[in-house]
Amino acid sequence: MSSLHKSRIADFQDVLKEPSIALEKLRELSFSGIPCEGGLRCLCWKILLNYLPLERAAWTSILAKQRELYSQFLREMIIQPGIAKANMGVSREDVTFEDHPLNPSPDSRWNTYFKDNEVLLQIDKDVRRLCPDISFFQRATEYPCLLILDPQNEFETLRKRVEQTTLKSQTVARNRSGVTNMSSPHKNSVPPSLDEYEGMNEIVGPLYYTFATDPNSEWKEHAEADTFFCFTNLMAEIRDNFIKSLDDSQCGITYKMEKVYSTLKDKDVELYLKLQEQNIKPQFFAFRWLTLLLSQEFLLPDVIRIWDSLFADDNRFDFLLLVCCAMLILIREQLLEGDFTINMRLLQVSMGKERRSRASKAAAEKKSPLLCTSNLFIVL
């Protein structure tokens, strides 16, 4: 380890040991990259994403409260909806003429069941596609969620519904009622359109990986809960990117994609005119860059390093636009020489790796990190 790196670690430790964290100083240090030694990155991200307060004295109580709250979320949203054991004092109601699988009523329990299946199926697909080439996401986690995996737990949880069936019910064509599209919003939990939420697993992945590799075993044990709240805070800032009705508004994704081009015009007008001449629109490539915070464009270590700067910058998403612009300028010579086909291929291939989303094989262990990320999405 170089003396410069040791000095940077000492600078972070000095800031983080203060009773009240100097946020501007922490941001300044973090923007140039956060050392991974000693769990510094895990701690800094939790502060920069507003999960931990600036007052150190409050950390213990805040963490205990939030982790218990997450356990309560699991009980209410994953376990309890599936409880159907007579010895728990709850039993399934018999199917009646008033409530049956073909009942189109929004209040039908079957209607809710099918909607839940659709969401669970998408969550399961997304989570299994998450970083299939990284062994961390395929091997067993050290701290599986005992609420879900406890052998004494006989609850028919939502997670078990995914594991035990291919969810064929989600494809049931209810011809008698004419209802074939089950994408209507479920009160409180189901998104307006499942397509709008595709790809969020790519944002959860780096967060969970970072927290689950924390050298502090006490914090590592609660990586799932901590990831949930940091992810929730981050999504609160970027959720407009996933809402179709806001696409053309000033806070929507279309505006931000156009902003990439306007920034490029200011920085490299020749390259901008070339892309305009070839009618290469930012929607062709920048949508993925912006919505997924570049998580599909680089190898995981590089994504984590970029996120150090992204989370540290007060205007973090203006910084993201600058990074996207820099990515174009980095390959300007190739873009200036290429035709439409070559340039489209160049822009749509990940910058740091040749990678395409693909479904991974089912995890060998039920207690793999895939389960933890599934829990996160089901709660959300």
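The values are calculated or read from the model by the stated rules, or taken from the named source; none is laboratory data. No experiment lies behind these values; they were computed from the predicted model shown. Please note: Cβ atoms are built from the backbone with ideal geometry, for glycine as well, and neighbour counts cover all protein chains shown. Accessible surface areas use protein heavy atoms only, side chains included; no ligands, DNA or RNA. Shrake-Rupley method; radii C 1.70, N 1.55, O 1.52, S 1.80 Å.
In this model, which of K46/K115; K46/K267; K125/K256; K6/K220; K65/K220 are farther than 22 Å apart at the alpha-carbon? Where the Cα-Cα span goes over 22 Å, the pairs concerned are K46/K115; K46/K267; K125/K256; K6/K220.
The label-point distance for Y255 and N216, in a model that sets each label 7 Å from Cα toward Cβ, rounds to 3.8 nm.
Using heavy atoms of the protein chains and a probe of 1.4 Å, the accessible area assigned to S30 is about 0 Å². Each Lys or Arg adds one and each Asp or Glu subtracts one; over the other residues with Cβ under 15 Å from the Cβ of D314, this totals -3. Each of T291, T112 has its accessible area taken with a 1.4 Å probe; listed largest first, they run T112, T291. So how much accessible area does R288 have, in Å² to the nearest 10, using a 1.4 Å probe? Approximately 60 Å² for this residue.
The simple spin-label model puts a point 7 Å past each Cα toward its Cβ; for F317 and A140 those points are separated by 4.2 nm.
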